[in-house]
1. Determine the shielding of peptide E:67-77 by partner chains: average, over its residues, the number of Cβ atoms on other chains within 10 angstrom of each Cβ.
2. Taking the Cα-to-Cβ direction at residue E:140 and at residue C:16 and moving 7 Å from each Cα, how far apart do the two end points lie in nm?
3. Under the rule a/c < 1.5 gives rounded, and otherwise a/b versus b/c splits prolate from oblate, where does region C:197-267 land using the Cα gyration tensor?
4. Excluding same-chain residues fewer than 8 positions from residue B:77, which aspartates and glutamates have a Cα within less than 20 Å of its Cα?
5. As a test of the definition: which semi-axes, in Å, follow for chain B when you take the square root of five times each eigenvalue of its alpha carbon gyration tensor? Largest first, please.
6. If you count only protein heavy atoms with a 1.4 Å probe, what accessible area per residue comes out for chain B, rounded to a whole Å²?
7. Taking the alpha-carbon distance from residue B:72 and a cut-off under 21 Å, which lysines remain once sequence neighbours fewer than 8 residues away in the same chain are dropped?
8. Applying 1/(1 + (r/R0)^6) with R0 = 30 Å to the Cβ-Cβ distance of residue E:19 and residue E:88, what FRET efficiency is obtained, to the nearest 0.05?
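The values are calculated or read from the model by the stated rules, or taken from the named source; none is laboratory data. Note that the structure is a prediction, hence the values are computed from the model and not measured. Virtual Cβ from ideal backbone geometry, glycine too; neighbours counted across all protein chains shown. Each accessible area value is taken on the protein alone, full model and side chains, heavy atoms only, with ligands, DNA and RNA left out. Shrake-Rupley method; radii C 1.70, N 1.55, O 1.52, S 1.80 Å.
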Amino acid sequence: MNHLLEIKDLSVAYGDVQALWDVSAHVDEGTVVSVVGANGAGKSTLMRAISGLLEPLSGDILFRGETLVGVPAQEITARGISHVPEGRGLFTQLTVQENLELGAYLAHVRPHFAASLDHVFTLFPKLKERRGQKAGSLSGGEQQMLAIGRALIARPKLLILDEPSLGLSPLVVRQMFELIARLHDEGVTLLLVEQNIRQALKAADRAYVLQTGHVAMQGEAAALLENPQVQKTYMGALD
Amino acid sequence: MTMVLRGMLAGLILWCGLALGLFGAAQAADGEIVIGAPVSLTGPLAADGQEQRWAYELAVKDINEAGGIFIKEAGKKLPVRLVVAGAIVAEKYKKFYMMTTCFPFMWSPQNFKWSALFFFTAPSAAEVPFKIWNDLPEADRPKNPALLSEDTPDGHGFGEGFRAFAKQYGYTFAVDEPWAVGAKDYSANILKMKANNVDALLIFGSPSDSITLVRQMKELGLSVKYLHGWKGTWTGEFAEALGSDSDYVISDGFWSQDFPFTGSKELGECYTAEFHKPSVTIGAFYANAQVLFRAIERVGTTDSAAVRDAVVGGEYKDTVVGDLQFNDAGLALIESTANQWWEKQQMLFYPPVDGGWQVKMMKPWGER
Amino acid sequence: MTREKRIIGLSAIIVAALALLPFVPGAADSYLFFLLYLFFLYTIIGQAWNLVAGYTGQISLGQHAFFGLGAYTAALVWSRGLFGAEHVYYFDPLTLIASGLVAAAFALVIGFPLLSKLRGDYFALGTLGFGEIVRVAFVKGGSYTGGPFGIVLPSSLYESLRPHYWLGLGLAAGLTLLIFWIRRSSLGLALVAIRDDEMAASSNGVNVLKYKLVAFALGAFFTGMAGCLQAYYLFHVSPEGFLNLNWTLYPILIAVIGGSGTVLGPVIGALAVTVVFSYANIFFPELHPIFSGLAIILVMLFMPNGIMRLRFRGRA
Amino acid sequence: MLDILSVRLVVEIFINGVLFGAMYGVAAVGLSLIFGTMRIIFIAQGTIIVLAAYVVYWLFNTFGLDPYLSLVVVAPLAFATGATTYRFLFRKAAAMADKNTSLLIAVGLMFLVQNVISFVWTPNPKSIITSYTAVGFEVFGSRISVTRSISLVIALAATAAVVLFLRRTLVGKAVRAASENMQAAMLMGIDPHRVNAIAFAIGFALAGAAGVALATTYPFDPYYGFSFALKALIALALGGIGNVVGALLGGILLGLIESFSSFFISAGWADAIAYAVFLLVLMFRPEGLFATSFKKA
Amino acid sequence: MPEPVLKLERITKRFGGLTVLSSVDLQVDANQIVGLIGPNGAGKSTLFNVVTALYRPEEGIVFLDGKRITGAPPHRICRLGVARTFQLVRTYLTMTARENVMVAAVYGGGAMADAGRACDEALELVGLAASRDLITEHMTLSARRLLEMARALASRPRVILLDEPMAGLNASEIEEMIQVIRRARDERGLSVLWVEHKVDAIMRVCDRVVVLDHGVKISDGTPAETIVNPKVIEAYLGEPSS
């Protein structure tokens, strides 16, 4: 069976620190896959390796059957992976509208910009109101919406969200997960990194639990949610 | 010594027998006389350097065409070879260094033992404009002269001279400012002169600054009756850059092809034929070589001490700069010249030559 | 260790041979002798710059100010007879040290605000501004500094290049030895720690500002002494000759080509620069600066670590 | 001094300061762009301007091309040269964390270019004479130079063009985005080398425009570039490193500082005063005088 | 009651409009190992940087042995007796292991005459005595983490702040690090404040555990108490399913 994204025995170092050891995982088209784990488990490192911001030490990443290893980040984006990094990566000095336009930077995306923009504005009516404002002036939740909206403009085949709930108030976190559910319904393939383990598992089809750079557990998200072992792995001796 | 006399300094070093260590290329081969010329061929002074080189090469060509210089040891005339190098330290190697275009006020205090110099003194050159003014009809004499002198050793040396003579001749500078080198914007100076109703201007500065100043004077509508420049206004580029705006501007010079000396006219024509512009300097460089060659000829050896003794206290008549009488310190004085630009030609009018050019008062920009 | 001992032994032999060279008949009159003097001078200023940039990671673009300050100190002390009329100023240890001290004092005064407020590019630009201010101040200094003409010293004292050569050799070898020693001393620990990781260094108790200042002042001290040495050679201290930006560009070129942050890098770099400049000057008098420019670019493109090995690792 | 001072005189000093400062401004805008994306100080910018002036001179003397008209040739040529320069000299160094490599390559390039100019065109100062050279016009009794006024127009137009490019075009927005966060820009599909090359190309094109302004207004020689670059750097620091409009304003401010200090103090001190202001700004307002919010460089 | 070695009072730190730490109180008693945990962005590293004076707090005071140390520059803090390690290892890469440790031994505040001995003892304690002459650049991550530990010890501190010393280590290396931390406390009588993501390690070793969430201290007690604290569980696992 061909997976949309397939990670094989991936090892990655972040600066001096090796963060992933022989990680294997896959994402199928139309599914939401969550990667959960404690701080420092290597979740963000994995995402950065997929989107080309980090060069793996060994192993392979296949996207639609083609390797991504050694491909520059901008080329990986062109192949259909949009990555909303931890910290959102907004251009704070640019306006909301300009941030969204840059989401359509790639030549093959540009023709669909108007339609995609409408779609994003229906998802996030707030952004439409604030389109002339500098991105840096938005609230945290709005910034996260903009970051996701900007990534959606490119109509990615795979959308990576790295800790979208980080630093948001509980109400906004709930909205964020409603959005993820909606994207799922629309058929967007999602790779979701979350610390908020319960919500992350609820939102996902499949999940991987990372622990100190290794895949500790994997499987159907619903099953993992019920598994007491997950909590234990996740919080160590916290039980 | 290399850096001491930068600026316009030019000289020739009798290099024969100088051990050059690694660098065989410059070593004197038997059967020829090697002369070194520390000429700036790169950097901001390269413009002067190239004129020097041209004049030296011509002088060497001329002497070699005449068969060379007779050397007793060899028992025959030997050809001369010129070696151009960036910098050398003649005094330190006790090699005779024949110099020109260096002001005695810089040279004399050093008490060099191994060099001789012919040039005019800064004060004598600084007196020239006042002598000219005094010969003008009463109405044309400046009422409010101004002085702009560059912030360099030369500029200050000259500036002091101008101030002293102004006092002596009874003039007061309405504006007397140091002139920033390479600043490109002299509107502050010009506005100040305008505000002070300046009618005559003495400037000492580089070619490019002088061009900029005259241009900006025209732009900002500052007209003077008399504009006399040193160092910057005598180059061919000055007239080339300003076109007809260079008319009436007066320049200094070390030499003129209008001089009534043997070879002067031919030398000037030879230069103009090649570069399509006049020169008021090459004669000094050519004469520099003439003196050195004749001194070697006189003693019949390339021994530095002997050649030096032949120059110091010696008399050399009828060079392209005229007769030179060296004193016991090795200094010979020549006269500074003044030339007026007219249709891209430099017309010698000081020192006056019979039937020569008469200086014209500058017309206001609007009436030209 | 044995390799290091061999290098030390070899260096000692070379220095001894160089020290004896002036006794070889005719040697002191050769062009090579002059080149060796230049090589020593370049080594001093290269090492001095390297002390700041190579060991604490701060790029100084104001070295020409220190070179000029040193030279002017010597010229002023001498021409005004500040140590008494009977004092011999030519090759006088007191004057030499005064030259270094004045430069170092300026380094401390200007270094304190610059080093505490600025780093990286900003520090480089700040020192460049300082250098230009010093230059203009000397040009405009009137009778105190001799203005743009500067100060002329009695060149009739000159007899041979030997004392310059020996002093240059002594300073160059001494400074190199000092840096070698510093590298092993507790001061060296602090400097290298700052270069390698400023934040860790301060967390380990190193007073980062203090040691950056020490290195900056020490570099200025030696650059000032080099200025004094060159003043003894030229007998004419002027803004054009001594406060020229070349005196900042040369040490950078020397240290970078040789390999900054290494003990012998600036020595190798000084040798390379002396040879390349001199050859180019003799054989391609009109073109040599083109080659110098090209040399910098090529070295940076293909040998960014210098001949020895370069390391500017400092983390913010 | 004060007895000759009048309102008209002050206005004239002011106008001349603005006209001259605009030249620094254009050079500073180029530096600002290159610094924005690559975080290097391109010290050779002044020399590139001088090179452009020589090309204008050559076109004028060889083909009789009007200097202002030659902008059509020089600007695109400079644009292409900028991109090529990035490709061959800076691409490799751009990836290095150590910015000293790029700084030193720029120093080498400056040496190289100024001496190549000196070799090709001789070190003599060159200048261009046309019918409008050294012509002034009068406004409310103050005389103003024609070519300098055109230079100001070129400076304003060039800066406006750059600002429009950065604000209105997608590529321009990409350049701004990359200046702020290169990694996030890569995630948008933006090629960092392309952005750097564009910054260089525009920086060079601006140098071309400045070269035209220089060539029509002043005599120039190969060695003028370095001091010009230093002034542009001061302008940049005054305006705030990485801020395009600030760079132009910084240049104009520098022109005013020089103009007024050379009138009221002395032309010789103008440089020192400019550097002193520069040092003070670096230490106490490193974000520049015109920045609204502090953007870390 | 004896004075706590390290005491933080009402520490508040803001960046721009964002409050990263709000009025945090914390204390480390003599010979105690205190764990500091919390989700990403909880403010743990900021707290460390406030204690070591890399940041200046908007409000609040830090006391060492009852003496106020807020306001002193970082190198003074170290000399007063607070040593630290870094999350992203910061060893001096061009130096040997021993030189690395010597920096702290010489400048860290102990007597100069003892520097050599302190350095060697620290290397001995972390088990790096054999690789003392290795250039740090060529050492493994785990060795470099231990080296940072040795460096902290060599400055002869009262309290050591450890910033995720386990990050990037494998299981056996983690065990080794735990032993080193225990030895440091037992043999040197040190106090330790320890930020960690490996919660299980914290729970095994620490005397007390402090939990931060969004800049607020939400729990402070023994490991056993912490585990059952519902606020902690919520902070870690997110909102309970509704």
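1. Per-residue shielding by partner chains comes out at 3.
2. In this crude label model, residue E:140 to residue C:16 measures out at 4.8 nm.
3. Taking the square roots of the gyration eigenvalues as a ≥ b ≥ c, region C:197-267 is prolate.
4. Output for residue B:77: B:30, B:32, B:57, B:62, B:65, B:297, B:303.
5. 39, 20, 19
6. 35 Å²
7. B:95
8. It comes out at approximately 0.75.
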